Amino acid sequence: LGPALDVMGVDVQRFTAGLSANTVTSAFDSVIAKDPEAVMVGSIPIQLWLNPLEELQDKEIPVAAAGINEGEKYGLDPVQSSSEGYGELMANYVIGEMNPEANVAVYTIPEIPVVDIVAEEFVEVFEELCSECEVHSVDIASKTLGNSAQNTVVSDLQSHPDTDVAVFGSDEIQFGLPDALKTAGID
């Protein structure tokens, strides 16, 4: 969003929250201390920031969230959930456009519920659409994103050389992957 918001003259400050209760709390404390005009939150399990959300709502600071399931229940509007139907869409795409008899690896991040839901939905729909196809899931630890997640993908592909298609529950899993695949000799 950075370039688009720059064009509109919106000053954006990014806070990295992580996925543990203490880092999320610390990040939201910093956000609230800045007294922002609005807050955007992406894919952090809402249970980790319910208290800061209430504080932001009490201050009438608009909060937009992406990748939050059932956000409406917590007063988030608009909520752009990145789970509903995406797994099904990806499964249909793989079957219809890529390889109708694919051997698929699905990479997910269990600590991020919305990513895990997309992956689970993909597997469920894919298996319904193609009972003779092979599909396996691989968990990627959130703490490895941006540093070594690509090594987990490479190791999985090496141990499953018949894999035709790799499906990613989150683009962040792919950071550094092209170079890692090249180094490993995987096309």
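Here are the numbers for this structure:
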item: Filter result for the condition that a residue is modelled with pLDDT of 90 or more, part of a helix (DSSP H, G or I) and within 25 Å of Ala38 (Cβ to Cβ), over Leu56, Leu157; result: Leu56
item: Of all residues making up region 134-187, the number that are over 24 Å from Leu89 (Cα atoms) and among the β-branched types (Val, Ile, Thr); result: 5
item: Which listed residue, of Asp171, Asp162, is among the charged types (D, E, K, R), in contact with a strand residue (DSSP E or B) (Cβ under 8 Å, 6 or more places away or on another chain) and open to solvent by 60 Å² or more (accessible area, probe 1.4 Å); result: Asp162
item: Residue match in region 128-149 (condition: open to solvent by 30 Å² or more (accessible area, probe 1.4 Å) and under 18 Å from Ala184 (Cβ atoms)); result: yes
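The values are calculated or read from the model by the stated rules, or taken from the named source; none is laboratory data. Here the structure is a predicted model, which means the values were calculated and not measured. Here Cβ is always computed from backbone atoms with ideal geometry, including for glycine, and neighbour counts include all displayed protein chains. Each accessible area value is taken on the protein alone, full model and side chains, heavy atoms only, with ligands, DNA and RNA left out. Shrake-Rupley method; radii C 1.70, N 1.55, O 1.52, S 1.80 Å.
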